[in-house]
Amino acid sequence: MSEFESVEILLVEDNASDAELTIRALRKKNMANHLVWLKDGAEALDFLFCTGSYEGRLNSKPKLILLDLKMPKVDGIEVLRRVKADERLKAIPAVIMTSSHEDRDIIESYQLGVNSYLVKPVDFEQFLDVVSRAGLYWLLINKVPEK
Amino acid sequence: MTFLQLLSKHSVVIAFWIALVTLSVITTLSYTAHNRAYDNWRWVEHTQQVSLEIEELVSLYLSARVSWRNFLSAGNAVDLHAYESAVKAIPLKIESLWVLTTDHPQQQNKIKTLSTLLHDDIAVIAPTMSLKASGQHVDPAAPFAPNLNWQEIKRVADIVQNEEKELLTRRSSELGESTARLVLIIVTGNIASLGILTAIFYFLKREVHQRRIAQKALAQSERHFRLLAESEKAANTELESFSYSVSHDLRAPLRAIDGYSRILQEDYAASLDDEGKRLLGVIRKNSKRMGSLIDDLLEFSRLGRKQITATKVDMAALVKEVIEDIQLDFKERAVQTCVHELPPAHGDRALIRQVWINLLTNAFKFTSHVSPAYVELGSREGNGMNIYYVKDNGAGFDMRYYDKLFGIFHRLHRDDEFPGTGVGLAIVERVILRHNGRVWAEAKENEGATFFFELPQGSKDE
């Protein structure tokens, strides 16, 4: 499982098209080399906490978590809650990327300690712009604790 | 309210007072009648008393005469005693009659006459009695002398008695008449009061019945409204979950359509001829349009559900801010704006801001084909409300289609003339309605439009 050892971006997205478009946007800026795409929240939790099918994974932490909100089984809010409640994971920047800008989702995400809340535009040019700028900011501009 | 309505409205109260007054009058009349009957009874008693006294007086006189005759003929002491006690009693009787007839001078005169007649007779009788008592001889035939007043006394006594009887008859008949009248009044009054009270009872009973029915109806309508409110709440919840899934589920596929078309354009440009590229462009244009339709629809529904937080809103500052933003969006345009005085309003700042944004964006948009473009903003005071307006010299519209103006997704211009989704004015109307205001417009095709909206005035002490 060496491919998971130096993960930079963990993309949690149930919609394959959205995932592909996101990856394409990041790849254009050369930021998709160490990206793992997981299709739902349950898988994401297994990955982050090294449980289930990811048991025994070398415990490396991603540098950025991109989370969709609405997903089957475990939704983005629940993943965010678990991540931010965990001492070892809470420092990882977690960014919600969703289609909806319902007030209640924004409020709840910030109460749980989200680092950023982005609404995915329908227009592809704008979408590319939003995703690549978010990637650039959180991976290159933003500073996080060393350990 | 007409007199009849007033009457029927206050009929119970009026009837009650009539019954009360009638009963009071009857009570007073009954009391008076009782007093008069008592008086009459006293008069009857009085008359009887007078007759009795007169009869006694006459019999005392006769007794004196009989004793006198007997004493003179037989000389018995018993007769002398009887005579003396009769003579002694006569003045007392006269005195008593005098008192009884104080109220009637004519009768008193008669009593006086009677008294004189009696005295005269006793004056004749007394000396003969004294002589006989002292043992001297008196002619026993003296009492039969015709010169005594018996006939006259009898006549006067009868007159007095008759007069009294006549008085009694007169008084009794007067009383009888007035009593009959009174009985009639009392009976009629009582029947009337009884009738009125029955009517009042009926009215009250009907009122209570109607009130019960009304209460029942009220309870029913309350239940009805509660059910309505509950179903409205359910509908709102449904709408909320609907818009939530629309915002999420519809946007993702649209993004995919637009994204993949774009990828096709980028990665396979070489394999596509011009028509293929044009078709892809059409796909992308329409997916974008659908995206903005969904966004606007969601915004419209969001504004309808949003809780209004009303404060005083500085309209002049708000408008300045909005115009600056819009001028950035229309950088390439030179629109002359003229802002008159805008007094503060009372309402939700964010919602009112959206109203200005939509109206001003329209004004900028619909003046794009004219030069110079001109937009004017102002206000006037209404009845507790401020009326604001946005006027432009742009495309205007045909007033024949006015009823479609504020409808959602209704447009009065073609998309290739002026792009738009037809939601802006629907949002304006919804926001203003939620502030209990009105919104309306005046326009002429190709000469411009003026949009007016009403908002509550922002008070100075807010």
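Does A:Val144 count as hydrophobic (A, V, I, L, M, F, W, C), more than 15 Å from the chain's Cα centre (by Cα), away from chain B (no Cβ under 14 Å) and in a loop (DSSP other than H, G, I, E, B)?
Numbers: hydrophobic (A, V, I, L, M, F, W, C): yes; more than 15 Å from the chain's Cα centre (by Cα): yes; away from chain B (no Cβ under 14 Å): yes; in a loop (DSSP other than H, G, I, E, B): yes.
In short, yes.
Looking at B:Phe453, B:Phe397, B:Phe366, just one residue is aromatic (Phe, Trp, Tyr), under 29 Å from B:Ser301 (Cβ atoms), crowded, with 20+ Cβ neighbours inside 10 Å and touching a helix residue (DSSP H, G or I) at 6+ places or on another chain (Cβ under 8 Å), and that residue is B:Phe453.
Condition first: out of contact with any Asp or Glu (no Cβ under 6 Å at 6 or more places or on another chain), assigned by TED's automatic domain parsing to the domain that holds B:Gln136 and buried (at least 17 other Cβ atoms within 10 Å of the Cβ). Can you find one or more residues in the stretch B:4-11 that meet it? No, that holds for no residue.
For the stretch B:299-310, filtered to residues that are hydrophobic (A, V, I, L, M, F, W, C) and crowded, with 16+ Cβ neighbours inside 10 Å, the residue that is nearest to the other protein chains (Cβ to nearest Cβ) is B:Leu303. Whether a residue is out of contact with any Asp or Glu (no Cβ under 7 Å at 6 or more places or on another chain) and part of a loop (DSSP other than H, G, I, E, B) was assessed, and B:Asn362 does not pass this test.
Considering only the stretch A:119-139, I want to know if a residue exists there that is within 12 Å of another protein chain (Cβ to nearest Cβ), of a type in the set (A, V, I, L, M, F, W, C), in contact with a Leu (Cβ under 9 Å, 6 or more places away or on another chain) and assigned to a loop (DSSP other than H, G, I, E, B). Yes - at least one qualifying residue is present in the stretch A:119-139.
Criterion first (surrounded by 17 or more Cβ atoms within 10 Å (Cβ to Cβ), away from chain B (no Cβ under 11 Å) and at pLDDT below 90) does A:Val74 satisfy it? Explain how you work it out, then say what you get.
On the way: surrounded by 17 or more Cβ atoms within 10 Å (Cβ to Cβ): yes; away from chain B (no Cβ under 11 Å): yes; at pLDDT below 90: yes.
Judged against the criteria, A:Val74 is a match.
Restricting the stretch B:245-261 to residues that are in contact (Cβ under 8 Å) with a residue 24 or more places away in the chain and of a type in the set (A, V, I, L, M), the residue that is surrounded by the fewest Cβ atoms within 10 Å (Cβ to Cβ) is B:Val246. Restricting attention to the stretch B:262-278, does a residue exist that is surrounded by 14 or more Cβ atoms within 10 Å (Cβ to Cβ), facing chain A (nearest Cβ under 9 Å) and under 26 Å from B:Phe409 (Cβ atoms)? No, that holds for no residue. For the stretch B:378-394, filtered to residues that are in a loop (DSSP other than H, G, I, E, B) and over 49 Å from the mean Cα position of the chain (by Cα), the residue that is surrounded by the fewest Cβ atoms within 10 Å (Cβ to Cβ) is B:Asn393.
One line per residue, one yes/no per condition, for (1) away from every other protein chain (no Cβ under 14 Å); (2) in contact with a Pro (Cβ under 7 Å, 6 or more places away or on another chain); (3) without any contact (Cβ under 8 Å) to a residue 24 or more places away in the chain; (4) polar (S, T, N, Q):
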| residue | (1), (2), (3), (4) |
| --- | --- |
| B:Ile283 | no, no, no, no |
| B:Leu297 | no, no, no, no |
| B:Lys312 | yes, yes, no, no |
| B:Lys320 | yes, no, yes, no |
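Provide a single number: the residues in the stretch A:90-118 that are among the hydrophobic types (A, V, I, L, M, F, W, C), touching a helix residue (DSSP H, G or I) at 6+ places or on another chain (Cβ under 9 Å) and either modelled with pLDDT under 90 or assigned to a loop (DSSP other than H, G, I, E, B) (or both). Before you say what the answer is, go through the steps one by one.
Pass one, the stretch A:90-118, residues among the hydrophobic types (A, V, I, L, M, F, W, C): A:91-92, A:94-97, A:106-107, A:112, A:114, A:118.
From what is left, the residues that are touching a helix residue (DSSP H, G or I) at 6+ places or on another chain (Cβ under 9 Å) are A:92, A:94-97, A:112, A:114, A:118.
Imposing the further condition that a residue be either modelled with pLDDT under 90 or assigned to a loop (DSSP other than H, G, I, E, B) (or both) reduces the set to A:92, A:114.
Qualifying residue count, the stretch A:90-118: 2.
Being β-branched (Val, Ile, Thr), assigned to a strand (DSSP E or B), surrounded by 16 or more Cβ atoms within 10 Å (Cβ to Cβ) and in contact (Cβ under 8 Å) with a residue 60 or more places away in the chain is a property that does not hold for B:Val375.
Residues being within 13 Å of chain A (Cβ to nearest Cβ), surrounded by fewer than 18 Cβ atoms within 10 Å (Cβ to Cβ) and more than 60 Å from the chain's Cα centre (by Cα) are entirely absent from the stretch B:219-242. The conditions are (1) under 29 Å from B:Arg289 (Cβ atoms); (2) within 14 Å of another protein chain (Cβ to nearest Cβ), and A:Glu108 fails exactly one of them. Which is it? Among (1) under 29 Å from B:Arg289 (Cβ atoms); (2) within 14 Å of another protein chain (Cβ to nearest Cβ), the lone unmet condition for A:Glu108 is (1).
The values are calculated or read from the model by the stated rules, or taken from the named source; none is laboratory data. Everything quoted here is computed from the prediction, not taken from an experiment. Backbone-built Cβ (ideal geometry, glycine too); neighbour counts: all protein chains shown.
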